[in-house]
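To start, the structure under review is shown below, and the notes come after it.
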Amino acid sequence: MILSLAWFPSHFITKLSAQLVGGDEALVDNRHFPEEKCCKYPILGYSSGAVVPSECAKGVECTEAPIYVDSADDVPNDFFVFLMDAKNISTLKIIGSRRFEVTGTIRIAHKGSGPAVTLKNADLDERSFKNLKTITVDDPYVYCDGKNKLIDIEGDYKGNVTLRLEKVANETLAVCNKPRPVTEAAVSSTVGNPITQSATLISPIEVPLNPPSLVCQENNDNAAKKSSNNGVFLYVACVVIAFLTIICICLIILSAKLYKKRPKRGTRLASFEECCKYPMLGYLSGEALPLGCLEIYCTKAPIYVDSNNLTSGKIDYFLRIARNISTLTIIGNEHFYVSSLIRIVHKGPGPAVTLKHADLDIDSFKNLKKITVDDPYVYCDGKNKLIDIEGDYNKNYDRSAGKSCE
């Protein structure tokens, strides 16, 4: 399948349309709240700063993207007001921050894995969640085994905050008392491969009328001797194979130890376990970056930059050094360098990379090797784009976007 792209440098297209090898959370899904206009980008609050997208600060009471608040004591008034008035929200996570009122929320629509609501020593008004009616998830059976939590709460809370959340969560998990519905795929598989039974006929025992001759007896003795010799050879072969197997295992263990003791390179690629776990946002109202993320080379959470003047330059710096990132969205900004990037790991629906009239350096994506997603077949029908690019980048148009789905 050939993906259709807008005008974009040919060497960018070659890198971005890259290899799909199959694969924290889906942030945007327009099917959640079709009846009203919703905020489409995350709302973040960290100790280093807090931002609310401009589209969310104008009386909007709905968001399709997560809300993350981590140790944010100094937040703008529109941040506080949105949490108090929002009726429909997505994933909510509040960790040890100033007092908030989450009193207007009626519905929480959670996409992807992990808890729908996470509260860790948060300071919430006792009226919070008093209007909450439903928590919806893609697959409630994921939470039925007890290993995954639908709500993750730590700390003491005033009033009935915890009881309200647990009540609604239990209603969502009521399906755990019922068997998982049978899918069409399972039915078609059963119909297409019916179980057949075959009867075994037992033939009658034939009793020889004449005893075997002496010649036949001699032949049988020779065959027994040959069989005995073959058994010896087989035994020796098994011993040799076992000995060689032990040697191979020892060599593998030795190689693994030597590999671990190899000298480290000067420039180290951070493993995905050492990555930043919260989104990075840049809007006209400012930038929000989690503490410590500028000291490592990768992030597991999305990066959104929308018409940001980059007053602090932190996101610009991170994009210059990042090796491994998650979903990337850049819309109408000043000059960016994305030249060190090697791998993009995209979770959930929507494009892995979105560029709309972005100003990128000519060397951007020159080192990109992989774009991995949960299910590459989602993008094979042409309805969903793996990369969404708009704008004139003053380069020749490249119509070959790769053959990821062939």
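The values are calculated or read from the model by the stated rules, or taken from the named source; none is laboratory data. It should be emphasised that the depicted structure is a prediction, and the values quoted were computed from it without experimental measurement. Every residue, glycine as well, gets a Cβ built from its backbone with ideal geometry; the counts of neighbours run over all protein chains shown.
When V207 is tested against the conditions (1) loosely packed, with under 10 Cβ neighbours inside 10 Å; (2) over 30 Å from H110 (Cβ atoms); (3) of a type outside the set (D, E, K, R); (4) modelled with pLDDT of 50 or more, the lone failure is (4). Restricting the first member to region 382-393 and to residues that are closer than 11 Å to V353 by Cα, and the second to residues that are modelled with pLDDT of 85 or more and crowded, with 17+ Cβ neighbours inside 10 Å, the beta-carbon pairs closer than 6 Å and six or more apart or on different chains are K385/P351; L386/A352; L386/Y379; I387/P351; I387/V353; D388/P351; D388/T354; I389/L355.
A count restricted to region 332-353 and to residues that are within 23 Å of the chain's Cα centre (by Cα) and either polar (S, T, N, Q) or modelled with pLDDT of 85 or more (or both) stands at 13.
Within region 287-308, the residues that satisfy the criterion of being within 18 Å of A72 (Cα to Cα) and surrounded by 18 or more Cβ atoms within 10 Å (Cβ to Cβ) are E287, A288, L289, P290, C293.
So in region 339-369, with the set limited to residues that are part of a loop (DSSP other than H, G, I, E, B) and of a type in the set (S, T, Y), which one is farthest from D392 (Cα to Cα)? Don't jump to the end; show me each part of the working.
Step one: filter region 339-369 for residues part of a loop (DSSP other than H, G, I, E, B), giving 339-342, 346-352, 357-359, 361-369.
Now narrow it down to the ones that are of a type in the set (S, T, Y): 339-340, 364.
On the way: S339: 20, S340: 23, S364: 16 Å.
Among them, the one singled out is S340.
Residues that are out of contact with any strand residue (DSSP E or B) (no Cβ under 7 Å at 6 or more places or on another chain), of a type in the set (S, T, Y) and in a loop (DSSP other than H, G, I, E, B) were ranked within region 105-161; the one that is farthest from F80 (Cα to Cα) is S113.
Taken as a whole, the condition of being closer than 25 Å to G159 by Cα, of a type in the set (K, R) and in contact with a Cys (Cβ under 7 Å, 6 or more places away or on another chain) applies to K87. Is it fair to say T172 is modelled with pLDDT under 60 and part of a helix (DSSP H, G or I)? No.
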